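The values are calculated or read from the model by the stated rules, or taken from the named source; none is laboratory data. If you're wondering where the values come from, they're calculated on a predicted model, not measured in any experiment. Neighbour counts run over all protein chains shown; Cβ positions are idealised from the backbone, glycine included.
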Amino acid sequence: MANDKAKYNIKAISNILGIQPGTLRAWERRYNIVEPIRNDSGHRLYSDEHVAILRWLLDKVNKGFTIGQAVGLLEKGSVNLETQNEPQHTNRLETFARELKESLLSFQELRANHILDEAFSLFSVEKVVLEIISPVLIEIGEAWENNKITVAHEHYSSQYLRTRIGSIFNNLQIDPLLPKVVAVCGPSERHELGLLIFTLYLRRKGFEVIYLGTGVPTKDLKLVVGETSAKYLFLSCSISTNLKETLTVIDEMSEFMPGLHIGLGGNGVYHLSKRQNEEYKQFLLGNSKDEWDEWLKVRLFKS
């Protein structure tokens, strides 16, 4: 295969397919599934054909095959890689999410640990957090609000997920060249896991995040933002009844520090009126990684 066709490094492959670099290296060593080209620095480079092979194998793993079984199918031939699409919606990620939810609601910590450990060994942190942990968080929150589970079930599940996210958060490196960020729940908010997931996304990008959690008065928030010289402030509002107070905080902080970039996320945003959506459009983060990336890209350019 010509060197000029190998154009993706291992980080790019990880982002494209959502697979951990360590997992990919292990697959290469054990099964010789692809042979990446080495550049002058000795780093792996992958071609579009490599991507197609890896995507096909990952699709099989998502559907329940072991990697060994998937490689065996590939080696038998009769596989048209050009017709392979992204993994179907019903896949291994959804299985992980369902099993994680079941284990938490039955208070099985060891089983939950095993499920997440396996998921993290296969997929990137972003994919596990956004496509396994986040859906479980939403489903358990909705079940509690609809009186389908007890407060004890909700508290146990939330505390477990908070601990797992926190352990990842604290082990990530900070880029000192990036501006500081303050993250806080809106007034009267008690649901903070959604904000934690977003701040984990920020830490993965290298931002130093000053996480304040819940119950912080606006006067204290102004103090923290001023003392830390933060350039970004992110608020989370998950309950619609807290939306009015949260918007008031945005108004006050915008007036207090005009150059501050403020973002708002959470399920409460879906209850904004048409007028409010237009008035606060610049603050709305969206609900996907791509939307978060775009929101940050525009404001980083202005910083």
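Note on the stretch 203-222: residues that are assigned to a loop (DSSP other than H, G, I, E, B) and closer than 11 Å to residue 175 by Cβ total 4. Screening the stretch 136-166 for residues that are within 22 Å of the chain's Cα centre (by Cα), loosely packed, with under 15 Cβ neighbours inside 10 Å and at pLDDT below 85 and picking the one that is farthest from residue 191 (Cα to Cα) gives 166. Go through the stretch 110-135 and count every residue that is of a type in the set (Lys, Arg) and under 15 Å from the mean Cα position of the chain (by Cα). Residues in the stretch 110-135 being of a type in the set (Lys, Arg) and under 15 Å from the mean Cα position of the chain (by Cα): 1 in total. Screening residue 229 with (1) surrounded by fewer than 20 Cβ atoms within 10 Å (Cβ to Cβ); (2) of a type in the set (Gly, Ala, Ser); (3) in contact with a strand residue (DSSP E or B) (Cβ under 9 Å, 6 or more places away or on another chain); (4) within 22 Å of residue 299 (Cα to Cα) gives one miss only, at (3). Evaluate the following for residue 165: is it assigned by TED's automatic domain parsing to the domain that holds residue 145, in contact with a helix residue (DSSP H, G or I) (Cβ under 8 Å, 6 or more places away or on another chain), in contact (Cβ under 8 Å) with a residue 24 or more places away in the chain and part of a helix (DSSP H, G or I)? Criteria met by residue 165. Selection of the stretch 272-299 for residues being among the aliphatic types (A, V, I, L, M), surrounded by 13 or more Cβ atoms within 10 Å (Cβ to Cβ) and outside any loop (DSSP other than H, G, I, E, B) yields 284, 296. Pairs under 9 Å by beta carbon, first residue in the same structural domain as residue 122 (by TED's automatic domain parsing) in the stretch 9-21, partner aromatic (Phe, Trp, Tyr) and surrounded by 13 or more Cβ atoms within 10 Å (Cβ to Cβ), six or more apart or different chains? Filtered contacts from the stretch 9-21: no entries. Name the residues in the stretch 24-52 that are of a type in the set (Lys, Arg) and either assigned to a strand (DSSP E or B) or more than 24 Å from residue 66 (Cα to Cα) (or both), would you? Listed by number, the residues that qualify are 38, 44.
Can we say residue 223 is surrounded by fewer than 16 Cβ atoms within 10 Å (Cβ to Cβ) and modelled with pLDDT of 90 or more? Even if it seems obvious, please write down each step before you answer.
Values: surrounded by fewer than 16 Cβ atoms within 10 Å (Cβ to Cβ): yes; modelled with pLDDT of 90 or more: yes.
Answer is yes for this residue.
Could you go through the stretch 167-189 and let me know if any residue there is more than 16 Å from residue 232 (Cα to Cα) and of a type in the set (Lys, Arg). Scanning the stretch 167-189 turns up no residue that is more than 16 Å from residue 232 (Cα to Cα) and of a type in the set (Lys, Arg). Restricting the stretch 257-271 to residues that are surrounded by fewer than 14 Cβ atoms within 10 Å (Cβ to Cβ) and farther than 23 Å from residue 288 by Cα leaves a set whose member that is farthest from the chain's Cα centre (by Cα) is 258. Would you call residue 182 crowded, with 19+ Cβ neighbours inside 10 Å and at pLDDT 90 or above? Answer is yes for this residue.
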